[in-house]
Structures are given as structure tokens and as C-alpha cells.
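Have a look at the structure below, then the notes.
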Amino acid sequence: MTVLDKAVEQAPAETPPHGRRSAAWLLTASMVVALLVLVPVAAGIGAYPVPVGDVLASVQHRVGLGGTELDRVAESVLWNVRFPRIVLALLIGASLGCAGALMQGVFGNPLAEPGVIGISAGAAVGAVAAIALGLSFFGTWTVSVCAFVAGLATVLLVYAMSREGGRTEVVTLILTGIALNAFAGAVIGLFLFFADAAAIQQITFWQLGSLAQATWPKVLAVLPCAVIGLVVAPLYSRRLDLLALGERPARHLGVDVERMRIALIVVIALLTAAAVSVAGIISFVGLVVPHLLRMSAGPGHRFLIPGSALLGAVVLLAADLAARTVASPAELPLGVLTALLGSPFFFWLLRRTRRRQGGWA
């Protein structure tokens with residue numbers, strides 16, 4: 001057993017009480033059940049309702065496990081409209097939840113989140129620029145590549161500006177996010193001013209966030225980025241637990257802190273760009289989801305990272321279902337809905353953190 005393994009076993013984050021271990025298993029089972037219930041329900045609800053039994057029968061028929069084929073309209077609605085949207089919601093929710101857990105671990109504070117500190121807005125600027133300027137140098141991947149590059153540049157800027165005296169300052173982090181969000185909004189506003197009508201419609205989509213234009217090609221476009229990020233992220237769970245003890249102890253225990261942070265910054269940018277490139281700005285999922293799990297099952301990243309991905313998928317699928325049914329036949333922008341629900345949680349978290357630290361001074 002290596003020194004790193006021994007240290008991880010001795011770290012409080014990796015040795016939670018029995019109650020927290022039970023909570024982790026219970027939460028995992030609950031999230032899986034919620035996912036299994038939500039998917040057929042979301043597939044069946046809409047302007048053209050399809051009974052849940054018919055949804056399950058169609059799925060069974062497609063995978064060769066029996067079932068029956070539905071009529072042509074129902075099959076088209078399910079497989080060309082509903083299921084691409086559901087799969088996209090699951091991928092994006094998992095990406096945002098995982099990115100939020102990673103960011104909070106990398107920056108070492110509870111207020112970090114891709115949307116709050118401007119990474120989503122930065123990635124959106126890259127996507128909007130590609131749309132407004134008509135760029136096509138990577139074909140169908142152009143928007144995703146531009147979103148990734150802009151998101152990576154933003155997260156590197158946030159990381160550089162939020163560090164002082166060898167640690168990340170919460171106030172600097174939030175102020176940097178406010179400034180970057182304002183700057184990104186101004187840049188997007190300039191593109192709106194000079195863009196034509198078709199580009200304006202697409203840019204508005206990026207600002208509000210939505211899954212209304214989900215298709216299988218868009219699922220395939222976001223799938224590689226999301227899968228790579230979601231597979232790589234759990235590999236750093238042990239080192240993130242050691243980093244929670246402090247940078248100096250982590251270095252003494254064999255963790256190359258700066259190298260790990262750079263690698264995870266790239267993963268965070270990859271996950272965020274994957275989400276923003278097809279759905280626009282969807283805020284607060286990466287902030288709320290890791291905190292709900294951390295408060296319930298402790299701070300250990302072995303559970304927190306995959307758990308945040310799973311709960312993020314559940315939350316975004318439920319939010320998208322609400323967005324397209326609450327004001328039916330109209331559809332609420334998904335990013336607006338998550339901001340309305342996530343903002344009060346952020347205000348509560350901000351006040352709670354301030355009280356625990358005895359003020360910001």
C-alpha cells in the first residue's frame with residue numbers, strides 16, 4: 001500500500017461514520033429509482049401524450065426484448081423528439097453536476113460553480129461568436145470547439161485571479177465571476193446588435209438556455225466531451241480528498257497539486273463546454289447538486305463526484321420536464337427556471353458561509 005493510499009484511508013473525508021455510508025447507498029438507490037421513474041414519465045408527457053406502458057413497450061420492441069411497436073406518429077414523437085431531449089438532459093445535467101463538484105474541490109470553497117464564476121458565460125461567448133461570425137472551420141464541431149476554448153480561457157483566468165498568498169479567496173472568486181459575467185453579457189450584447197435576424201434567434205437561445213432543439217446529432221456532438229470528462233473526473237477523487245486537508249499536506253503526501261489542478265481545470269472546461277455548446281447557459285445546477293449530497297453523505301469525493309453526476313442528471317431532467325409542462329403549451333427557458341430555483345439557494349449558502357467565517361474581512 002502506498003503512502004497516498006494510507007493517507008486517503010486516514011483522511012476524514014474518506015472515513016465517514018456508518019450513518020454517512022448508509023446515507024450514500026440510500027441516496028444512490030434513490031437517485032437511480034428517480035431516474036428510472038422520470039425517464040418514461042418525461043417521454044410520455046407532452047403535447048402528444050403517450051402512456052407510460054406504451055413508452056416501455058416501444059423501448060422493449062426497439063431493443064429486441066418483446067413489447068410492441070406503436071403507431072407511426074407515437075414512434076416518431078418518442079424516438080425523434082422526446083428521447084433525444086431526455087438523453088441530452090441526462091448528459092448535460094451529469095456534466096454540470098460533476099463540473100460543480102470538481103470546481104468546489106479544486107478551488108477549495110463551497111461557492112464555486114461554472115455558472116456563478118463566469119465559466120458558462122465565457123463558453124457561451126465562444127459559441128455565440130461562432131454563430132454570429134458564421135465560423136465553420138471544424139464543421140459541425142465548430143460551436144463546441146469555440147465554446148471549449150472560451151470556457152478553458154475563462155476558467156484559467158478565474159483560477160489566476162482568485163489566488164492570493166497560495167490559496168483561493170472566496171470574495172475574489174465571486175467578484176471575478178461577477179465581472180466576467182458582466183463582460184460576457186456585454187460581448188453577447190454586441191453580437192446581438194450587429195447580428196442578422198437568424199443569428200439573433202440563435203444567440204437568444206444561448207442566453208436563456210433550452211433543450212427545445214435537441215436532436216440525435218446534437219447528442220452525438222456532446223457525447224464525447226461529456227463521456228471523457230465523466231470518466232476522468234472520478235480518477236482524481238482520492239487526490240481531491242487530500243487537497244481538502246490543505247495544499248502543503250497534500251504535497252507532502254505525494255500529490256502534485258498544480259498539475260492536478262490544471263488537469264481538472266481542463267476537465268471542468270470540457271464538461272462545461274459540452275453543456276453550453278448545445279443547451280446554452282444553465283446556471284446553479286453545479287452549485288446546488290454537490291451541496292445537497294455533501295450535506296447528506298459527507299465530503300468524500302469518491303461518492304461526491306459520481307453522485308453529483310447522477311443527481312445532476314435527475315435534477316436537469318426534472319427541471320426540463322417542468323419547463324415544458326408548467327406553462328404548456330408555451331415552454332419556459334430551462335436556464336431561466338434553474339436560475340429562479342438556484343438563486344435563493346445561493347443566497348442562503350452565501351449567508352451561511354459568511355456567518356461561519358465571521359465575516360469577509
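Readers should treat all values here as calculations from the given coordinates under stated rules, not as data from a laboratory. Here the structure is a predicted model, which is why all the values come from computation and not from measurement. Every residue, glycine among them, receives a Cβ derived from its backbone with ideal geometry; neighbour counts consider all protein chains shown.
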| 10 Å beta-carbon shell around Leu334, net charge (K/R +1, D/E -1) | -1
| task | Work out the length of the dipole vector of segment 58-166 about its Cα centre, built from +1 on the beta-carbon of each Lys and Arg and -1 on the beta-carbon of each Asp and Glu, and round it to the nearest 20 debye. | result | 60
| Per-selection metrics, segment 217-262 (Cα): Rg and Dmax in Å | 14.5, 47
| query | How large is log10 I(q)/I(0) at q = 0.12, 0.19 Å⁻¹ when the Debye formula is applied to the Cα atoms of segment 39-108, each weighted equally and without solvent? | reply | -0.42, -0.73
| query | Extent of the chain along each principal axis, from alpha carbon coordinates, in Å, largest to smallest? | reply | 64, 53, 38
| query | How would you rank Glu258, Glu247, going from fewest to most other Cβ atoms within 10 Å of each one's own Cβ? | reply | Glu258, Glu247
| request: Can you grab the distance from the C-alpha centre of segment 273-308 to the C-alpha centre of segment 26-45, Å, no decimals? | output: 17
| For Asp54, Asp196, Asp256, Asp241, what's the fewest-to-most ordering of other Cβ within 10 Å of each Cβ? | Asp196, Asp256, Asp54, Asp241
| Rg(Cα)/(2.2 N^0.38 Å) for segment 81-198, N = residue count | 1.17
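Apply the a/c threshold of 1.5 to the C-alpha gyration tensor of segment 178-292 and tell me whether it is rounded, prolate or oblate.
Numbers: a/c = 2.84, a/b = 1.93, b/c = 1.47.
It comes out prolate by the Cα gyration axes.
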| query | Helix 170-194 versus the longest principal axis of the chain: what is the Cα-based angle in degrees, 0 to 90, to the nearest 10? | reply | 30
| task | Report the local net charge at Phe346: Lys and Arg +1, Asp and Glu -1, summed over other residues whose C-beta lies under 12 Å from its C-beta. | result | +1
| said: Taking a ≥ b ≥ c as the square roots of the Cα gyration tensor eigenvalues, with a/c under 1.5 meaning rounded and otherwise prolate when a/b beats b/c, else oblate, which class fits segment 269-326? | reply: oblate
| note | Along segment 133-141, Karplus-curve 3J(HN,Hα) (6.51, -1.76, 1.60; θ = phi - 60°) to the nearest Hz, with x for Gly and Pro, reads 8, x, 6, 8, 5, 10, x, 5, 8
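Classify segment 143-184: rounded, prolate or oblate, from the alpha-carbon gyration tensor (a ≥ b ≥ c, eigenvalue square roots; a/c under 1.5 rounded; otherwise prolate if a/b is larger than b/c)? All intermediate terms of the calculation are to be shown ahead of the outcome.
Numbers: a/c = 4.10, a/b = 1.78, b/c = 2.30.
It comes out oblate by the Cα gyration axes.
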| Helical mean residue ellipticity (222 nm; -39500 (n - 2.57) per DSSP H run of 4+; nearest 500) of the chain | -24500 deg cm²/dmol
| Could the peptides 83-90, 270-277 be put in order, highest first, of the mean number of other beta-carbon atoms found within 10 Å of their residues? | 270-277, 83-90
